[in-house]
Amino acid sequence: PDYIAVAFDLHEPTFRHKEYDQYKATRQVQPPSLTDQFPYVREVVETLQIPIFEKPGFEADDVVGTLSKKAEAEGIDVEIVTGDLDALQLVSPHVRIMTTRKGITDTVIYDDKQVAARYGITPAQIPDFKALKGDTSDNIPGVKGIGEKTASELIQKYGTLENIYQKLDEIKPARAQEALRKNQKEAFLSKRLATIILNVPLA
């Protein structure tokens, strides 16, 4: 690459934890065999003189998202290397996501066609999708009773979470309509939690 940067998560709570205290609360504690490696990872990155970006109150995803959009605005093609599929919402004609399928050698690169093939929606609709189906890895509640298939179908038909609720009376099946009606607050909270921030103040 012509340019490279690394973003790290910080230990302190983010704005998402402050809005929803159960955010990521169900995650297992990382084993010492993993956490003990982090200082060495940072040391390697610093030794290679790779710039490190991190921001209190935000996750590495938000930092990466902000950097990717800044680069894209300057006409730079971006490849984000991450194990976190939340980043798929950042995919655009100039931003691709490289992630692992299995182990560290079986990788896949997502562009907008790959996102559509996997989920049936556009990258920008990923937060709306997660608002409906939730995300167990981050403990994002979503709408109880709506799974991946129904979430994908609703987003394909109505486009956004906001539009779904504007057309709530016509949503079928009735079971999905009732679930949406009962869990409206959770749905909009989930969308906020799932949306990567693209304007983190970074030098």
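The values are calculated or read from the model by the stated rules, or taken from the named source; none is laboratory data. Only a predicted model underlies this, so the values are computations on that prediction, with no experimental measurement involved. All Cβ positions, glycine included, derive from the backbone under ideal geometry; neighbour counts span all protein chains shown. What goes into the accessible areas is simple: the full protein's heavy atoms, side chains included, and nothing from ligands, DNA or RNA. Shrake-Rupley method; radii C 1.70, N 1.55, O 1.52, S 1.80 Å.
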For this session: Provide K70, K55, K172 ordered by accessible surface of protein heavy atoms (probe 1.4 Å), highest first.
Result: K172, K70, K55
Problem set entry | Accessible carbon and sulfur surface of the stretch 1-113 relative to its total accessible area, %, 1.4 Å | 54 percent
Exercise. S33 accessible area, nearest 10 Å², 1.4 Å probe?
Worked result: 80 Å²
Exercise. Looking only at the stretch 180-203, which residues have a backbone nitrogen under 17 Å from a spot 7 Å from the Cα of I52 in the C-beta direction?
Worked result: 203
Exercise. To the nearest whole percent, what portion of all C-alpha pairs in the stretch 1-75 is separated by more than 16 angstrom?
Worked result: 62 percent
Seminar exercise, completed: Counting only protein heavy atoms and leaving out ligands, DNA and RNA, the solvent-accessible surface of K102 at a 1.4 Å probe, in Å² to the nearest 10, equals 150 Å²
For this session: Measure off 7 Å from each Cα along the Cα-to-Cβ vector at D36 and D106, then give the distance between these two points in nanometres to one decimal.
Result: 2.9 nm
Exercise. Considering only DSSP beta bridges with both partners in the stretch 1-156, what is the antiparallel share in %, to the nearest 5?
Worked result: 55 percent
Seminar exercise, completed: Scalar couplings 3J(HN,Hα) for the stretch 157-162 by Karplus 6.51 cos²θ - 1.76 cosθ + 1.60 (θ = phi - 60°), nearest whole Hz, x for Gly and Pro, are 7, 10, x, 9, 4, 4
For this session: Taking H placed 1.01 Å from N in the peptide plane, check which residues at least 5 places from V95 or on another chain put their amide H under 5 Å from its amide H.
Result: V78
Seminar exercise, completed: Here the relative contact order (percent) of the chain, from C-alpha pairs under 8 Å and at least 6 apart, is 21 percent
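Could you pull out the GluC sites (Glu not before Pro) across the stretch 1-89 that fall in loop regions by DSSP (anything but H, G, I, E, B) with no more than 10 other Cβ atoms inside 10 Å?
Filter output for the stretch 1-89: E74.
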For this session: Please give the contour-minus-distance gain from E74 to K157: 0.36 nm per residue of separation, less the Cα-Cα distance, rounded to one decimal in nm.
Result: 26.5 nm
Seminar exercise, completed: Residue-normalised value, i.e. accessible area per residue, for the chain at 1.4 Å probe, in Å², stands at 60 Å²
Problem set entry | Inter-label distance for H94 and V44, nm, one decimal - labels placed 7 Å from Cα along Cα-to-Cβ | 3.1 nm
Exercise. Given a cut-off of under 8 Å on Cα pairs at least six residues apart, what relative contact order in percent is computed for the stretch 69-166?
Worked result: 18 percent
For this session: Please list F129, F58, F38 in order of solvent-accessible area, largest first, computed with a 1.4 Å probe with all protein chains present.
Result: F38, F58, F129
Exercise. So what's the net charge close to G134: Lys and Arg +1, Asp and Glu -1, counting the other residues with Cβ under 12 Å from its Cβ?
Worked result: 0
Problem set entry | Placed amide H near F53: partners under 5 Å, 5+ positions off or other chain | V6, A7, F8
For this session: Pull out the extension gain between L202 and Y3, defined as 0.36 nm times the separation in residues minus the alpha carbon to alpha carbon distance; nm, one decimal.
Result: 70.0 nm
Exercise. If one puts a single equal scatterer on every Cα of the stretch 36-160 and applies the Debye formula without solvent, what log₁₀ I(q)/I(0) results at q = 0.13, 0.20 Å⁻¹?
Worked result: -0.64, -1.28
For this session: First select every other residue whose beta carbon is under 15 angstrom from the beta carbon of Q184; then total the charges, Lys and Arg +1, Asp and Glu -1.
Result: +2
